[in-house]
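Participant: Sharing a structure, written as structure tokens. Questions coming.
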Amino acid sequence: MAEERTRREVLGQLAQFPCAAMLLACCGPLASLAQASERRYNAKDHYYGMGIQVDKCIGCGRCVEACKAENDVPREPFYFRTWVERYQIRAGGEVKVDSPDGGIHSFPPTEEDKDVLRSFFVPKLCNHCDNPPCVQVCPVGATFKSQDGVVLVDQDYCIGCRYCIQACPYGARFLDPRTATADKCTFCYHRITKGLLPACVEACPTGARVFGELKTLASPLRRMMRMSKLAVLKPSLNTEPKVFYSDLDGEVR
């Protein structure tokens, strides 16, 4: 309180001088902006999800590369927070799925094959489920769902038991060989709490990935959801994913 009174007294004295008053008038808005930018992030005010527009994905792998660079994911070709799969639907119902190095270097061209009816790319990541089985099986509470709907891992609590890795039906987790703890997509939590987009969304050249608020009707994600035919992966498991796919082929698992 003493500091506040002293501040008020100083400002009152400065205001008696015309030049000082002009300076205060100019700096006042800047100070307000600075204070606003320093306000603490309140998770209760947000609820996040992601949309994947399958028809826009070109399999370039930039999202995978951006994710690895942004989140310091091990460079070995079997550690991924996000990856891209290519589906080839052949005559007779055969489905071929490949994802060389997680799609980080794009995909080799397919040979001319009249039996291939259609081909498309499907980005995958942690689905940040509303009913996450990984959270249920963690024996120490290291995996948890935050108030803004993002499923996270507390590296300080994780004991590397791998229960969550086994429980995830989407194969979205791995054990970081450097820390011996579970790792996964976090929607780039360190970015979204500062008002930035996840790295994969920012890097996508076609806008195939859409990130936003689920409770805000005007958010880009909600607009995409209103204008698209949506599906989630493995809906029968009742995990309630918050990653939504538009125009998803029924062969995708």
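Participant: Round to a whole angstrom and tell me the spacing of the C-alpha centers of the stretch 40-89 and the stretch 136-200.
Facilitator: Rounded to whole Å, the Cα centres lie 14 Å apart.
Participant: Now for a different question. If you filter the stretch 110-140 for trypsin sites (Lys or Arg not before Pro), then keep DSSP loop positions with at most 13 other Cβ within 10 Å, what is left? Mind showing how you got there, number by number?
Facilitator: Values: sites: Lys114, Arg118, Lys124; in loops: Lys114.
Loop-located and lightly packed - Lys114.
Participant: Hey, what do the phi angles of the stretch 79-96 turn into as Karplus ³J(HN,Hα) couplings, whole Hz, using 6.51/-1.76/1.60 and θ = phi - 60°, x for Gly and Pro?
Facilitator: So the Karplus estimates, Gly and Pro as x, are 10, 9, 8, 9, 8, 10, 10, 10, 10, 10, 9, 9, 4, x, x, 5, 10, 10 Hz.
Participant: Taking 30 Å as the cut-off for C-alpha to C-alpha distance, list the pairs among Lys96/Lys215; Lys96/Lys145; Lys56/Lys114; Lys194/Lys234 that go past it.
Facilitator: Working: Lys96/Lys215 37 Å; Lys96/Lys145 34 Å; Lys56/Lys114 24 Å; Lys194/Lys234 32 Å.
As for pairs spanning more than 30 Å Cα to Cα, those are Lys96/Lys215; Lys96/Lys145; Lys194/Lys234.
Participant: While we're here: Fewest to most neighbouring Cβ within 10 Å: what's the order for Val201, Val153?
Facilitator: On the way: Val201 23, Val153 20.
In order of increasing Cβ crowding within 10 Å: Val153, Val201.
Participant: So, one more: Straight-line reach from Lys68: which lysines have a Cα under 17 Å away, not including same-chain ones fewer than 8 places off?
Facilitator: The qualifying lysines are Lys124, Lys184.
Participant: Excluding Asn131 itself, what net charge comes from residues whose Cβ is under 11 Å from its Cβ, given Lys and Arg +1 and Asp and Glu -1? Don't jump to the answer; show the numbers that get you there.
Facilitator: Working: positive: Lys145, Lys242; negative: Asp130, Glu240.
After counting each charged neighbour, the total is 0.
Participant: Ranking Ile104, Ile165 by Cβ neighbours within 10 Å, fewest first, what do you get?
Facilitator: Details: Ile104 22, Ile165 18.
Starting with the residue having the fewest Cβ neighbours, the order is Ile165, Ile104.
Participant: Right, something else. Within a 10 angstrom radius of the beta carbon, how do Asp130, Asp115, Asp148, Asp156 rank from fewest other beta carbons to most?
Facilitator: By the 10 Å Cβ count, ascending, the order reads Asp156, Asp115, Asp130, Asp148.
Read-outs: derived from the displayed coordinates by stated rules, not from any lab. Given the structure is predicted, the values throughout are model-derived calculations rather than measurements. Glycine gets a Cβ as well: all are built from the backbone with ideal geometry, and neighbour counts include every protein chain shown.
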